[in-house]
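Single-structure report; data block below.
Nothing in this text is a laboratory measurement; each read-out follows from the coordinates by a stated rule. Note that the structure is a prediction, hence the values are computed from the model and not measured. Cβ sites come from the backbone with ideal geometry, for glycine too, and all protein chains shown count toward neighbours.
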Amino acid sequence: MKDYLICISDLIHSLQGERGFSTLFIREKDNGDITKLKNYFQNTNNSVKEVKEIFNQLKKQGELDTEQLELIANISLHLSKLTIKREATTTEQISTAEIFDFYTFGLITPLIQLISSFSLKIKNIHPNAVSAFVFFIQWKEKVGLERLILLRGFIKHDFDNNEYQERIEFLFNEQNYYKKSFISLATIEQQEIVESIYDVPDFEILNKIRAQLSQKNVSDIISKIQVSDWFELISKKLDVMHTIEYELILNLDKKHSLFVTDSIKDLDVEQRLVYKLPIFNNMPAYEINKIVNSGDIYQIPKNKLIVAENSIATHLHVILIGWVKVFKNTNNNKETILHMLNNNNSIMESCIFSNTCLKASAKSVSDVLLFSIPTDVVKQQIKINNQFALNLLSSVSNKTIALSHEIELIKTQTVDYRIGYYLLKIINQKKWLSTHIALPYNKATIASQLGMSREVLSRSLSSLNSQGFLVDKNSVTLPNKTALCKFCDASMVEHCHNYASHDCTNKDNYFRNTTVN
């Protein structure tokens, strides 16, 4: 599979080069270098031949799914039109807009979708490694579009055009998003590959040009640089990124880690946790074994991105140990927490059912142990294993109910009630074994989860001291075990470990109106 990925990667890179130089050729009119243009055509032809052979092999082997077959049909159709488009380019009978649409949407975009899909077929691949790889491909394409779009400014010297400036700003924001997502997801091995190749001194002038365009400040650097020099420099950057992409592909099936050193002490214990997951409830051992053998256990360090918004779901992630926040970034780059998940919870599994891109991001807020199953295995098991499908639906349903209840609390209850209910939930999860509550993550995250500012949370926690609570930096100690029972409601009682015992003070009264005045 890696050989297939390398061939498709080479074709994408050749098409990106041909797209860029074809645009330069048309924009320069009589000054265009037709010999160099034909060299780009020949490079692409070599890659096209190899990829067509791959398509034929895969079709004969019957290893392609419906989506992949549709992508290949679309790509093949546009490849058949390549000669006509090239003739129109050499005779200057085509517009730059037509070049952009044909190469970008007809060939490069579906090829990126195909290489992303094929990368998921590599067995035992680390979820972060494949997700980071897909984001790197997208990042490189946005740099390719930078080469394409900035040509107009260098040739026509109209960087000051407001509409053009907005287009550049949007492109740079997209680049930053894919670059940041790659860096956030990348394994240590992938980070080392980038660091060893990407640091090229010549790129400093490109960074300065980008910075000045982002600030809408067209300086002497931009006005004096020749378009051919700039084109050659940014093409060199894309060549370097292609080298990185090649190395990332070669390393996809190798060992990847997110910690500098391996920190799992007893793998047997962790595997036993997997077999007790709710997604395997009421399933015979042989069926569980099939799924478990298809997945793997991964260590995720604190503050590491697990999945990124707008990416495809590569795996079903289930938390064995630790805390994960599901969040979205708003337009002003402020983080809004949608859900806090811990042991036995799966992460955004509904996207696997719906075949949609992830609508939010997920990041660890503590060191986390994940059990991850490739999505193709999950989809196959859903089709043939009714109990597994029901367990996943139950997981989605329970989280939806819990999320609705959290939203209701934020909208209808006071700050003090929300905090009391949150602390009660923690002590109940600990099965009432102690009056000491260790806060599971920092107060800023707790405040965001409860729909308040960190300052409001700190003031409210401090006020608990006057009620006999002992509030420390990272913990709260109750004056007695039932001190938080006044915040109980019907939804809490359903899962309360203390309710069944004689200690419960709310047995006859838990359906009361719980609004705190």
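Please list 3J(HN,Hα) in residue order for the range 236-251, calculated via the Karplus relation 6.51 cos²θ - 1.76 cosθ + 1.60 where θ = phi - 60°; whole Hz, with x for glycine and proline.
Each residue of the range 236-251 in turn: 5, 4, 5, 5, 5, 5, 5, 4, 4, 4, 4, 5, 4, 5, 4, 9 Hz.
Along each principal axis of its Cα atoms, how long is the chain end to end? Whole angstroms, biggest number first, please.
91, 57, 40
Please list, in order along the range 96-101, the HN-Hα scalar couplings obtained from phi with the Karplus expression 6.51 cos²θ - 1.76 cosθ + 1.60 (θ = phi - 60°), rounded to whole Hz, x for Gly and Pro.
Those phi angles translate into 5, 5, 5, 4, 4, 5 Hz.
Near the amide H of LEU316, under 5 Å away, which other amide H atoms are found, from residues 5 or more places off or on another chain, if H is placed in the peptide plane?
ILE373, THR375
Under 15 Å Cα-Cα from LYS85, which aspartates and glutamates qualify once same-chain neighbours fewer than 8 residues away are excluded?
GLU18, GLU98, ASP101
Based on the alpha-carbon gyration tensor of the range 413-493 and its eigenvalue square roots a ≥ b ≥ c, which shape applies: rounded if a/c is under 1.5, prolate if not and a/b is larger than b/c, or oblate?
rounded
Ordered by packing density, taken as the mean number of other Cβ atoms within 10 Å over each peptide's residues, highest first, how do 128-136, 77-85 rank?
Numbers: 128-136: 25.7, 77-85: 14.0.
Those peptides, ordered most packed to least, come out 128-136, 77-85.
In terms of modelled amide H atoms, which long-range or inter-chain residues lie less than 5 Å from the amide H of LEU338?
Here the answer is VAL326, PHE327, LYS328, since their amide H atoms fall under 5 Å of that of LEU338.
Per-residue HN-Hα couplings for the range 44-60, Karplus 6.51 cos²θ - 1.76 cosθ + 1.60 at θ = phi - 60°, whole Hz, x for Gly and Pro?
5, 4, 4, 6, 4, 4, 5, 5, 4, 5, 4, 4, 5, 4, 5, 5, 5
LYS290: which lysines have alpha carbons under 20 Å from its alpha carbon, excluding same-chain residues fewer than 8 sequence positions away?
In chain and number order, the partners are LYS121, LYS123, LYS276, LYS379, LYS383.
How would you order 416-428, 351-363, 151-163 from highest to lowest mean count of nearby Cβ atoms within 10 Å?
My ranking of the peptides, most packed first, is 416-428, 351-363, 151-163.
Could you sort the peptides 35-48, 439-452 by per-residue average Cβ neighbour count (10 Å cutoff), highest mean leading?
439-452, 35-48
Cα centroids of the range 70-117 and the range 157-213: how far apart, whole angstrom?
When both Cα centres are located, 25 Å separates them.
Beyond 31 Å between alpha-carbons counts as too far, so tell me which of LYS60/LYS142; LYS216/LYS236; LYS359/LYS431 fall in that bin.
Checking Cα-Cα distances, LYS60/LYS142; LYS359/LYS431 exceed 31 Å.
Using helices alone, I'd like the mean residue ellipticity at 222 nm for the chain: each DSSP H run of four-plus residues gives -39500 (n - 2.57), total over residue count, nearest 500.
Taken over the chain, the calculation gives -18500 deg cm²/dmol.
Going down the table (LYS302/LYS363; LYS425/LYS481; LYS36/LYS224), which pairs top 20 Å between alpha carbons? Walk me through the numbers before you get to the answer.
Values: LYS302/LYS363 8 Å; LYS425/LYS481 13 Å; LYS36/LYS224 24 Å.
From the list (LYS302/LYS363; LYS425/LYS481; LYS36/LYS224), the Cα-Cα distance tops 20 Å for LYS36/LYS224.
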